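Enquirer: Quick one: the structure is below, and I'll ask about it shortly.
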Amino acid sequence: MLTITDLKASVAGNDILKGVNLSVNEGDVHAIMGPNGSGKSTLANVLAGHPAYTVTSGTATYKGENLLDKEPHLRAREGLFLAFQHPVEIPGVTNAYFLKNALNALREHNGEEPVDAVEFRTILEENIRIVGIDNALLKRPVNEGFSGGEKKRNEILQLLVLNPALAILDETDSGLDIDALKIVASGVNHFRADDRAVVVVTHYQRLLNYIEPDFVHVLMDGRIVKSGDRMLAQELEARGYDWIRDELSEGDAA
Amino acid sequence: MADEPKTETMDAESAIQNEYRWGFSTDIEQDMAPPGLNEDVIRLISKRKNEPDWLLEWRLKAYRHWLTIKEPSWATVHHPPIDYNSIIYYAAPRKKKLLESLDEVDPKLLETYEKLGIPLDEQKMLAGVAVDAVFDSVSVATTFKDTLAKYGVIFCSFSEAVQEHPDLVRKYLGRVVPPTDNFFAVLNSAVFTDGSFCYVPKGVRCPMELSTYFRINAKNTGQFERTLLIADEGATVSYLEGCTAPQRDENQLHAAVVELFAHEKATIKYSTVQNWYPGDENGKGGIYNFVTKRGRCDGDHSHISWTQVETGSAITWKYPSCILKGDHSVGEFYSIAVTNNYQQADTGSKMTHLGKNTRSTIVSKGISAGHSANSYRGLVRMGPACNSSRNHSQCDSLLLGDQAAAHTFPYIDVQNPDTTVEHEATTSKVNDDQLFFLQQRGINPEDAVSMIVNGFCREVLMELPMEFAVEARKLLAISLEGSIG
Ligand SMILES: Nc1ncnc2c1ncn2[C@@H]1O[C@H](COP(=O)(O)OP(=O)(O)OP(=O)(O)O)[C@@H](O)[C@H]1O
Ligand SMILES: [Mg+2]
């Protein structure tokens with residue numbers, strides 16, 4: 001579904017991604033871990049097409065097409081979804097209004113009729129139950145005055161309503177209490193299917209107890225330096241990242 | 001047909017420069033004053049309109065005063081000097097040549113109508129195409145008038161009011177905007193040709209929004225329009241002026257006057273959507289809109305609310321104001337002003353608190369894009385006797401791109417210590433992260449901008465009558481098209 005080859009990118013003149021290789025297949029759940037500032041969010045933003053990031057070389061193909069020359073809204077309409085590490089506020093635009101417009105943009109792209117009021121209400125009701133947010137949040141402006149946890153749950157609500165093919169979740173577990181963590185995980189599990197893929201960026205093994213990843217990758221200094229299965233996450237939790245750094249420098253020395 | 005819509009299909013820029021290019025000049029020439037302004041021209045206007053002597057005197061007094069004053073220069077707008085002697089101040093109502101079909105209409109204009117969702121028949125009316133019998137504006141207007149008449153509401157053209165209700169006109173004309181007011185209002189007082197008049201009698205709640213009428217009768221009321229609206233004791237009226245469809249006019253200068261008079265416990269809600277031709281991308285050829293709008297809350301517990309959505313004109317100079325004379329009276333001003341390309345807007349409000357325990361609210365949302373300049377200018381005056389009065393002003397500016405300018409000029413004059421005046425102002429930019437967030441959810445860049453702008457304006461949009469709010473949203477989007485690259 002997604003193939004990233006030797007991807008390099010910079011932001012504000014700094015080289016951040018220094019050759020990322022990653023391949024994500026349908027049905028896969030990948031976890032990306034790595035120290036602060038290693039480039040995890042940069043990778044997510046580059047894939048989604050944030051204008052602040054410049055791809056300097058490498059490729060990314062999504063569903064067999066070049067992803068990187070598509071406009072961000074078209075990437076989204078073709079099923080790429082990014083749950084933001086820091087969701088922004090949109091003053092004055094109600095959550096429900098925004099969601100409806102987003103959903104209709106997708107539907108139009110897929111040649112479908114716009115959602116009618118009743119159907120939309122059903123979709124919303126079903127999904128707010130899963131993510132456990134209050135109905136009142138739908139009538140409030142997008143993320144404005146939401147608590148940290150509410151913002152993250154709101155991202156999952158968008159994920160469930162928009163129903164993409166590839167979901168990239170950037171630290172959706174950060175700032176969540178343990179109950180919220182379970183709820184967010186169950187949202188992701190609900191989303192999980194054979195024809196969809198998930199990439200979760202996280203710092204904590206505990207999320208991976210609820211969302212069982214097929215692959216775990218370590219992103220360090222702009223490269224994926226180690227990949228493994230769930231056991232790798234546990235090892236990182238127990239030992240931190242230094243041993244990987246050591247391994248790498250040994251490799252370099254050899 | 002009295003309500004012949006004007007032919008709006010010509011390129012307004014060249015139209016301003018050359019009225020005679022479109023082959024209807026023979027119609028025009030017959031009854032028209034020579035360009036320029038003098039007492040004879042004013043006498044001609046008054047005579048042609050069959051006005052009583054007092055009104056002629058009233059006009060002349062205004063004119064004589066006008067000769068002694070100068071065009072104001074304090075607004076943050078720039079334009080070449082206006083040659084008042086090249087303007088034709090009187091031309092008989094003209095019947096312009098109608099087009100055969102929409103095929104003859106400027107496709108760009110049609111595209112805009114389409115985006116605004118204006119029904120086909122109305123598009124024809126607006127564009128000056130002959131309409132078939134199915135859409136009979138005259139009969140719609142008549143039904144409308146009958147209903148109003150049942151409630152004793154008078155709603156007619158200003159000229160008609162002068163003939164049919166001279167006492168009412170004489171009693172109220174100039175009570176709120178005297179014929180010796182500002183430069184443009186004085187000019188208007190001398191030469192106004194027509195406009196609207198509305199009187200809502202005691203205790204009557206006007207049974208409908210006075211709006212539909214305007215949509216289907218978007219006729220040319222001239223460049224010096226005069227509106228007078230009176231709500232008698234306990235009366236309530238909601239009045240909607242303007243139209244979201246782009247309006248073009250061969251006259252570059254527009255200097256209208258609107259006077260609102262609210263008696264005890266009366267409520268007037270006055271909403272405007274202004275979309276005059278703003279000029280081309282380089283700012284050439286747009287309308288100069290210099291308007292004086294003022295309401296007087298004369299009686300205790302009276303209430304006047306102005307709501308405006310200003311997207312058009314090359315230059316807008318406009319400060320809908322309230323004089324809060326009655327005790328416990330309330331004045332409100334809700335405004336959205338959008339400027340794009342080279343448009344200039346200097347707009348805001350003036351709240352003058354005279355009575356006790358009076359309240360005023362100002363909510364101003366300015367959006368500037370392109371190379372435009374958008375200024376909020378407001379005055380809150382607390383008179384010596386207005387104990388326990390309060391004002392709250394909120395002025396927010398939103399910038400799109402980095403060539404646009406926003407300014408805020410709040411003036412506060414407090415002559416009574418027992419009052420509260422609050423002013424808040426913010427300036428923000430549409431930020432990349434917000435735009436990216438919306439696009440990441442599949443929303444295209446232009447819709448993303450318009451969603452953010454609409455959100456920014458929400459408080460004001462909510463003040464508009466429902467169906468107009470929907471149109472205003474679309475209008476905002478269209479006005480800002482292409483403003484983010
Ligand atoms: N817009 C920007 N301008 C300048 N530097 C940036 C920008 N965005 C990211 N960076 C820098 O790029 C580097 C990688 O940032 P990124 O957000 O991708 O890290 P991360 O792996 O997601 O970290 P964390 O785990 O803390 O979220 C950091 O050094 C960061 O400061
Ligand atoms: Mg990050």
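The values are calculated or read from the model by the stated rules, or taken from the named source; none is laboratory data. Remember, predicted model here, so these are calculated numbers, not experimental data. Please note: Cβ atoms are built from the backbone with ideal geometry, for glycine as well, and neighbour counts cover all protein chains shown. For the accessible areas, the whole protein counts, side chains as well, though only heavy atoms, and no ligand, DNA or RNA atoms are used. Shrake-Rupley method; radii C 1.70, N 1.55, O 1.52, S 1.80 Å.
Enquirer: Could you pull out the residue among B:F468, B:F436, B:F456 that is buried (at least 22 other Cβ atoms within 10 Å of the Cβ) and more than 14 Å from chain A (Cβ to nearest Cβ)?
Expert: Testing whether each residue is buried (at least 22 other Cβ atoms within 10 Å of the Cβ) and more than 14 Å from chain A (Cβ to nearest Cβ) leaves just B:F468.
Enquirer: Please identify the pairs in which a residue from the stretch A:168-179 that is part of a loop (DSSP other than H, G, I, E, B) has its Cβ atom under 6 Å from the Cβ atom of a residue that is within 13 Å of ligand 2 (Cβ to nearest atom), counting only partners at least 6 apart or on another chain.
Expert: Listed by first residue and then by second, the contacts come to A:E171/A:Q85; A:E171/A:V201; A:T172/A:A83; A:D173/A:T202.
Enquirer: Can you confirm whether the stretch A:25-34 contains a residue that is away from every other protein chain (no Cβ under 14 Å) and within 8 Å of ligand 1 (Cβ to nearest atom)?
Expert: If we filter the stretch A:25-34 for residues that are away from every other protein chain (no Cβ under 14 Å), which is where we start, we get A:25-34.
If we keep only those that are within 8 Å of ligand 1 (Cβ to nearest atom) too, we end up with A:34.
Checking the stretch A:25-34: at least one residue is away from every other protein chain (no Cβ under 14 Å) and within 8 Å of ligand 1 (Cβ to nearest atom).
Enquirer: Have a look at A:K63, A:K40 and point out the one that is in contact (Cβ under 8 Å) with a residue 12 or more places away in the chain, within 16 Å of ligand 1 (Cβ to nearest atom) and touching a strand residue (DSSP E or B) at 6+ places or on another chain (Cβ under 9 Å). Before the answer, list the steps.
Expert: Numbers: A:K63 fails: within 16 Å of ligand 1 (Cβ to nearest atom).
Criteria check complete, one pass: A:K40.
Enquirer: Can you give me the number of residues within the stretch A:155-189 that are within 14 Å of chain B (Cβ to nearest Cβ) and either within 16 Å of ligand 1 (Cβ to nearest atom) or not β-branched (V, I, T) (or both)? Before you say what the answer is, go through the steps one by one.
Expert: So the first thing to find is which residues in the stretch A:155-189 are within 14 Å of chain B (Cβ to nearest Cβ), and the list is A:155-170.
Checking which are either within 16 Å of ligand 1 (Cβ to nearest atom) or not β-branched (V, I, T) (or both) leaves us with A:155, A:157-160, A:162-170.
Counting residues in the stretch A:155-189 that are within 14 Å of chain B (Cβ to nearest Cβ) and either within 16 Å of ligand 1 (Cβ to nearest atom) or not β-branched (V, I, T) (or both) gives 14.
Enquirer: Now a separate question. Starting from residues that are β-branched (V, I, T) and within 28 Å of B:E241 (Cβ to Cβ), keep the ones in the stretch B:439-453 and report whichever is nearest to the other protein chains (Cβ to nearest Cβ). Step through it out loud before you land on a result.
Expert: Step one: of the stretch B:439-453, the residues β-branched (V, I, T) are B:443, B:449, B:452-453.
Still in the running and within 28 Å of B:E241 (Cβ to Cβ): B:449, B:452-453.
On the way: B:V449: 12, B:I452: 6, B:V453: 9 Å.
Once the filter is applied, the top-ranked residue is B:I452.
Enquirer: Here's a follow-up. If the Cβ limit is 9 Å and pairs must be 6+ apart or interchain, which residue in the stretch B:450-474 that is among the polar types (S, T, N, Q) pairs with which residue that is not in a helix (DSSP H, G or I)?
Expert: B:S450/B:L480; B:S450/B:E481; B:N454/A:G92; B:N454/A:V93
Enquirer: So how many residues does the stretch B:32-72 have that are touching a residue at least 60 places away in the same chain (Cβ under 8 Å), under 17 Å from B:L173 (Cα atoms) and of a type in the set (A, V, I, L, M, F, W, C)?
Expert: The total comes to 5.
Enquirer: Here's a follow-up. Could you list all residues from the stretch B:251-293 that are modelled with pLDDT of 80 or more and touching a His at 6+ places or on another chain (Cβ under 8 Å)?
Expert: If the condition is that a residue be modelled with pLDDT of 80 or more and touching a His at 6+ places or on another chain (Cβ under 8 Å), then B:A262, B:E264, B:K265, B:A266, B:T267, B:I268, B:Y288, B:N289, B:F290, B:V291 are the ones that fit.
Enquirer: Moving on. Tell me, yes or no, whether the stretch B:443-459 has at least one residue that is out of contact with any Gly (no Cβ under 9 Å at 6 or more places or on another chain) and modelled with pLDDT of 95 or more.
Expert: yes
Enquirer: Give the residue, chosen from B:T420, B:T408, B:T426, that is within 14 Å of chain A (Cβ to nearest Cβ) and outside any helix (DSSP H, G or I). Step through it out loud before you land on a result.
Expert: On the way: B:T420 fails: within 14 Å of chain A (Cβ to nearest Cβ); B:T408 fails: within 14 Å of chain A (Cβ to nearest Cβ).
Going through B:T420, B:T408, B:T426 in turn, just one is within 14 Å of chain A (Cβ to nearest Cβ) and outside any helix (DSSP H, G or I): B:T426.
Enquirer: Turning to a different aspect of this structure: May I ask you to list the residues in the stretch A:68-79 that are within 7 Å of chain B (Cβ to nearest Cβ) and among the small types (G, A, S)? Break it down stepwise before answering.
Expert: Of the residues in the stretch A:68-79, the ones within 7 Å of chain B (Cβ to nearest Cβ) are A:72-73, A:76-77.
Within the stretch A:68-79, just A:A76 meets the criteria.
Enquirer: Shifting gears a bit: Pull up the stretch A:80-111, narrow it to residues that are touching a strand residue (DSSP E or B) at 6+ places or on another chain (Cβ under 9 Å) and more than 9 Å from chain B (Cβ to nearest Cβ), then point me to the one that is nearest to A:N143 (Cα to Cα).
Expert: Here the residue is A:N95.
Enquirer: Mind checking whether some residue in the stretch A:133-154 is within 27 Å of A:R77 (Cβ to Cβ), within 16 Å of ligand 2 (Cβ to nearest atom) and either away from chain B (no Cβ under 13 Å) or not in a helix (DSSP H, G or I) (or both)?
Expert: Just the residues of the stretch A:133-154 that are within 27 Å of A:R77 (Cβ to Cβ), to begin with: A:133, A:137-144, A:146, A:150-154.
After this cut, where a residue has to be within 16 Å of ligand 2 (Cβ to nearest atom) as well, the list is A:151-152.
After this cut, where a residue has to be either away from chain B (no Cβ under 13 Å) or not in a helix (DSSP H, G or I) (or both) as well, the list is A:152.
Checked against the condition, which is being within 27 Å of A:R77 (Cβ to Cβ), within 16 Å of ligand 2 (Cβ to nearest atom) and either away from chain B (no Cβ under 13 Å) or not in a helix (DSSP H, G or I) (or both), the stretch A:133-154 yields at least one hit.
Enquirer: Considering only residues that are open to solvent by 20 Å² or more (accessible area, probe 1.4 Å) and part of a loop (DSSP other than H, G, I, E, B), which ones fall in the stretch B:345-366? Quick ask: steps written out before the conclusion?
Expert: Of the residues in the stretch B:345-366, the ones open to solvent by 20 Å² or more (accessible area, probe 1.4 Å) are B:350, B:352, B:354, B:356-357, B:359, B:361.
Residues satisfying the conditions are B:L354, B:K356, B:N357.
Enquirer: Can you find a residue that is buried (at least 19 other Cβ atoms within 10 Å of the Cβ) and closer than 30 Å to B:I443 by Cβ anywhere in the stretch A:204-215? Walk me through how you get there before you give the answer.
Expert: Initial filter on the stretch A:204-215 (buried (at least 19 other Cβ atoms within 10 Å of the Cβ)): A:207-208, A:211, A:213, A:215.
Restricting the remaining residues to those that are closer than 30 Å to B:I443 by Cβ gives A:207, A:211.
Within the stretch A:204-215, one or more residues are buried (at least 19 other Cβ atoms within 10 Å of the Cβ) and closer than 30 Å to B:I443 by Cβ.
Enquirer: Can we say B:S393 is within 13 Å of chain A (Cβ to nearest Cβ) and either in contact (Cβ under 8 Å) with a residue 12 or more places away in the chain or buried (at least 18 other Cβ atoms within 10 Å of the Cβ) (or both)? Give the derivation first.
Expert: Working: within 13 Å of chain A (Cβ to nearest Cβ): no; either in contact (Cβ under 8 Å) with a residue 12 or more places away in the chain or buried (at least 18 other Cβ atoms within 10 Å of the Cβ) (or both): yes.
No, not satisfied.
Enquirer: Further question: Looking at A:A238, A:A167, which one is closer than 30 Å to A:N104 by Cα and either more than 16 Å from ligand 2 (Cβ to nearest atom) or crowded, with 22+ Cβ neighbours inside 10 Å (or both)? Please lay out each step first, then the result.
Expert: On the way: A:A238 fails: closer than 30 Å to A:N104 by Cα.
The match here is A:A167.
Enquirer: Say we look at the stretch A:207-249 and pick out the residues that are within 16 Å of ligand 1 (Cβ to nearest atom) and among the basic types (K, R); which of these is nearest to the other protein chains (Cβ to nearest Cβ)?
Expert: It comes out as A:R223.
Enquirer: Something else now. Among the numbered criteria (1) surrounded by 23 or more Cβ atoms within 10 Å (Cβ to Cβ); (2) within 30 Å of B:S450 (Cβ to Cβ), which one does B:E332 miss?
Expert: In the conditions (1) surrounded by 23 or more Cβ atoms within 10 Å (Cβ to Cβ); (2) within 30 Å of B:S450 (Cβ to Cβ), B:E332 misses (1) alone.
Enquirer: Taking the criterion of being within 14 Å of the chain's Cα centre (by Cα) and part of a strand (DSSP E or B), would at least one residue in the stretch A:208-223 satisfy it?
Expert: No, the stretch A:208-223 contains no residue that is within 14 Å of the chain's Cα centre (by Cα) and part of a strand (DSSP E or B).
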